[in-house]
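Quick notes on the structure that follows.
The values are calculated or read from the model by the stated rules, or taken from the named source; none is laboratory data. Here the structure is a predicted model, which means the values were calculated and not measured. Cβ coordinates were reconstructed from backbone atoms using ideal geometry, including for glycine residues, and neighbour counts include every protein chain displayed. Note: areas computed on protein heavy atoms with side chains; ligands, DNA, RNA excluded. Shrake-Rupley method; radii C 1.70, N 1.55, O 1.52, S 1.80 Å.
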Amino acid sequence: ASSVFALGAGAVSFAQIVKDAEPAFAAVLGTLFYGKVISTAKWLCLIPVIGGVALASAKELDFAWSALFAAAIANLFAAVKGNENKKLMDTAGIKDRLGSVGNQFALTTILAFLATIPLVVLREGARFGEFLTLFSSSPALQFNILASGLVFYAYNELATLTIAKTNAVTQSVANTAKRVIVIVGVAIVLGESLDPLKLLGCGIGIGGVFLYSIIDSLVKPKKNDDQTPLVTSSSSSP
């Protein structure tokens with residue numbers, strides 16, 4: 001909900017730039033409250049990930065305080081969601097009762113739906129009748145709502161599966177890289193030109209994600225194989 005408010009409160013590019021900081025939120029919360037350990041090398045890799053996508057989105061930057069606060073709250077909620085999902089997956093007993101990651105995601109989605117009903121009534125309750133009228137008379141709106149809902153559900157379930165295989169920070173990094181793909185994909189579909197600044201930002205962002213995924217194996221300390229064990233021999237006299 002906060003992400004939608006951020007997109008409606010200011011320029012889309014500005015909201016996307018603020019949301020690019022989601023991996024940093026996930027890393028800080030995971031370190032402070034969930035006891036997660038993130039290597040210094042991975043902390044440094046967040047810089048090109050966030051900076052690259054910000055560079056790709058910055059051409060039409062338009063600052064708005066409301067968009068800043070809404071996007072920051074969205075980052076906070078996303079970080080908590082990722083870390084809590086990972087915590088549930090690692091909790092003995094709960095994992096067995098839920099049965100699968102898909103069941104866990106379905107349960108959290110239902111709870112999220114119930115929790116946002118008061119917000120929907122407060123913000124859009126007065127226009128609900130207008131929405132029903134438009135929905136009943138527009139097949140295009142019916143299809144778009146159904147299709148976008150199914151696709152968004154599938155996307156978030158895949159994100160939860162990513163958390164199960166890795167951790168909340170890695171999922172946030174992949175989610176940030178997704179924005180690069182969206183920028184390029186939208187430009188191709190709509191026939192927009194990809195200016196050099198946007199291409200540079202996309203390249204930096206994708207490169208940062210790749211580096212994040214392999215950096216620990218690149219910088220891990222190597223074992224010293226040159227040392228041979230000291231063998232002591234004893235001779236017995238005849």
Name the single residue, out of those in segment 10-36 being crowded, with 18+ Cβ neighbours inside 10 Å and over 20 Å from residue 170 (Cα atoms), that is modelled with the highest pLDDT.
15
Just a yes or no: is a residue in segment 143-153 part of a helix (DSSP H, G or I), in contact with a helix residue (DSSP H, G or I) (Cβ under 9 Å, 6 or more places away or on another chain) and at pLDDT 85 or above?
yes
Those residues of segment 38-64 which are modelled with pLDDT of 80 or more, over 16 Å from the mean Cα position of the chain (by Cα) and open to solvent by 50 Å² or more (accessible area, probe 1.4 Å) amount to 40, 44
